[in-house]
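Since the structure comes first, as structure tokens, the remarks are kept for the end.
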Protein chains: 2
Amino acid sequence: MVSIKDVAESAGLSVATVSRALNGHPSVSDDARERVLAATDALGYRPNVVARSLRTHRTGTIGLVISDVLNPYFTELARAVEEEARELGYSVIIGNADERADLEDHHVRGLLDRRIDGLLVSPADGRSPMTLEAAAGDTPVVFVDRWITGVDVPVVRSDGRTAIADLVDHLYALGHRRLAIITGPAATTTGRERVDAFRAALAVHGLALPDEYVGRGDFQAESGRVCTERFLNLTQPPDVVFATDNLMALGALDEIGARGLRVPDDIALAAFDDIPWFSHTDPPITTIAQPTAELGRVAVRALADLIAGSPASSTVLPAHLVVRRSCGEPETKGATRE
Amino acid sequence: MVSIKDVAESAGLSVATVSRALNGHPSVSDDARERVLAATDALGYRPNVVARSLRTHRTGTIGLVISDVLNPYFTELARAVEEEARELGYSVIIGNADERADLEDHHVRGLLDRRIDGLLVSPADGRSPMTLEAAAGDTPVVFVDRWITGVDVPVVRSDGRTAIADLVDHLYALGHRRLAIITGPAATTTGRERVDAFRAALAVHGLALPDEYVGRGDFQAESGRVCTERFLNLTQPPDVVFATDNLMALGALDEIGARGLRVPDDIALAAFDDIPWFSHTDPPITTIAQPTAELGRVAVRALADLIAGSPASSTVLPAHLVVRRSCGEPETKGATRE
DNA sequence: TCATCTCGTGGAAACGATTACATGGTCGAA
DNA sequence: TTCGACCATGTAATCGTTTCCACGAGATGA
């Protein structure tokens, strides 16, 4: 590998001057700059960012730890994050936690060891010691999508409460009275928030949410299937199942299909997170859409602020209901219709 | 940040001994080892991998440049790669090329600058100079899924030829005679291979593949929609559209749906790459499944071999047909039925 | 004319680890 | 007792940058 030393030699200058020339330092003569440029591309020199980082204490990299790469919601988030980061001159290293606290831990540790300039995390729950340590340490951290209550770190997320209320109104209007929910882990903020909002929205219509209508999932497809199985085995199964993420909705669909039941006639289905496939499932699925890409971009900007030393604030963006056909033929007014 | 020097001081030893103790070097006394351990966790010391990499010329990291993170096929691949790499003690840095040669270039360059130990690429085509340079340089490179013809680098991929022949047999048996294909860019090997295999399979049945039945896509949903639009506007539209990746199939579905046509009655649809959603679209989609995760794992092992200095060989794994309902009611024998 | 300032440059010290080499001590064999 | 081998440790060089400091040469101002 050709180093700055080789360039210096070939250009007949010192490494200091070469370094300055390459970094656009003002006091470098035109002559020197030209010779350096000539030498660098004659030799095909590329600066060693490892050495540079060691010296400057900056890596030009931010870490992103997401809950699950196989979840289209998170890949869309990751894509937006990378795009915005690139625009701001940062690279992104993605860690996939697969909804496992130990993997989240592993990746956060790895990223910190790598001396990333800042960290974006979608924390599974509060059980990752490294995430807590990172939040308390001096590497800038921003939570995105999910957060840890009681930890003082900026959060960029969307608020689904009104959208969930809209959904419940929609379901009620269609005549559904027995509504069930498949939640995420109680430890995740999104898991709790969505079930709380759902319960509150039901209460407005004088409906209760009995325990047997609350399925505890883990944001993975299989758990959605299992919960749906349990619902369908009840002596009085629900009219509607609301899956609080897209993968669990997929699992629910699997189980419903396996039993030869039809949506929405035999049982209705709604989901959280909109993804392109939801328009093409049988039937198209009514869902709550988040401004996913925008969340990613805002989160990166917040982190960049933090890295630059300015304080960053939390942001909450609204989610909205997208009505399709999985809950019955809509005669809706109001919400988006597709 | 606490450095090895601080640990040495606190333990009353030299940095050399501390380094040896931490790296499991044999000749370190038990006493020293204990003091080092005590000091490290008293101070919360974590080795600086940047410094370590500078000295050792190893980063313990491999790069993975994939064509499109929003494509479920590639996320599944990425996940498998990360998993296998983690098992082998490597971290993975993912770069998303978004099917753009300039972005592929950007990421390959960034990864090389970062001095990764090895590189896994799914090259869009031969137009990324950096990818060519990387392949020619001394950083170990393995191509996965796609490759560049004429470049001497191990390739891990799947062969769809027999599966495509099976698909064509299946379509022919169902009575379809006008078969159209939506290909990827001609510059990609997968784009070319799939259309060649399709044409060859048609020839077996004495069928031709007229130019107007070949749509040139770019592996993105919108291009699938556009090609399908063109097909449907022909005076004699095809009976079947075969989309050579899952996103273009989604686009095709969009266009067909927008016209109020039904699959498979009005037009049949088949795809390449199986993804969970294909079981739940309306109707479930007949597709060709690749052993995606296995491809990822094999590719990582090949790369690890290369890094270790042993020669790595190319691998070809077979794809297979998965018959669902999007091409008509199957009365099939042979291929997998779902 | 001389002091002062600016500008371009080079020398050398960091950054935080690993590791070749040197050193002094212990122990077993001759 | 003496010599060599071995073991635990320390000293210092090294990886490839950036950057502080010093220095000489012109330019500027009094």
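The values are calculated or read from the model by the stated rules, or taken from the named source; none is laboratory data. Nothing here was measured: the structure is a model prediction, and the numbers come from that model. All Cβ positions, even for glycine, are placed from backbone atoms using ideal geometry, and neighbour counts span all protein chains on display. Note: accessible area is taken over every heavy atom of the protein model, side chains too, but ligands, DNA and RNA are not part of it. Shrake-Rupley method; radii C 1.70, N 1.55, O 1.52, S 1.80 Å.
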* Asked: Can you name the residue in the stretch A:283-319 that is touching an Asp or Glu at 6+ places or on another chain (Cβ under 8 Å) and at pLDDT below 95 and, of all such residues, is farthest from A:Ala270 (Cα to Cα)?
  -> A:Pro311
* **Filter result (more than 12 Å from DNA strand C (Cβ to nearest atom) and either part of a helix (DSSP H, G or I) or more than 28 Å from A:Ile116 (Cα to Cα) (or both)) within the stretch A:18-38** => A:Leu22, A:Leu37, A:Ala38
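Per-residue answers, yes or no, for (1) within 14 Å of chain A (Cβ to nearest Cβ); (2) open to solvent by 10 Å² or more (accessible area, probe 1.4 Å):
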{"position": "B:Asp211", "(1), (2)": "no, yes"}
{"position": "B:Val214", "(1), (2)": "no, yes"}
{"position": "B:Ala243", "(1), (2)": "yes, no"}
{"position": "B:Arg262", "(1), (2)": "yes, yes"}
{"position": "B:Ala271", "(1), (2)": "yes, no"}
{"position": "B:Ser279", "(1), (2)": "yes, yes"}
{"position": "B:Ile288", "(1), (2)": "no, no"}
{"position": "B:Pro291", "(1), (2)": "no, yes"}
{"position": "B:Gly296", "(1), (2)": "yes, no"}
* Within the stretch B:34-60, tally of residues that are crowded, with 18+ Cβ neighbours inside 10 Å, within 11 Å of DNA strand D (Cβ to nearest atom) and away from chain A (no Cβ under 14 Å) -> 2
* **helices (runs of 4 or more DSSP H) fully within the stretch B:220-338 counting 2 or more residues that are closer than 30 Å to B:Arg115 by Cα and basic (Lys, Arg)** => B:292-308
* To do: Would you check if B:Arg324 is out of contact with any His (no Cβ under 7 Å at 6 or more places or on another chain) and open to solvent by 40 Å² or more (accessible area, probe 1.4 Å)?
  => no
* Inspect the stretch B:1-17 for any residue being part of a helix (DSSP H, G or I), small (Gly, Ala, Ser), within 11 Å of DNA strand D (Cβ to nearest atom) and open to solvent by 40 Å² or more (accessible area, probe 1.4 Å) and give the result as yes or no. => yes
* Do we find that B:Arg20 is away from chain A (no Cβ under 14 Å) and near DNA strand D (Cβ under 7 Å from one of its atoms) in this structure? -> yes
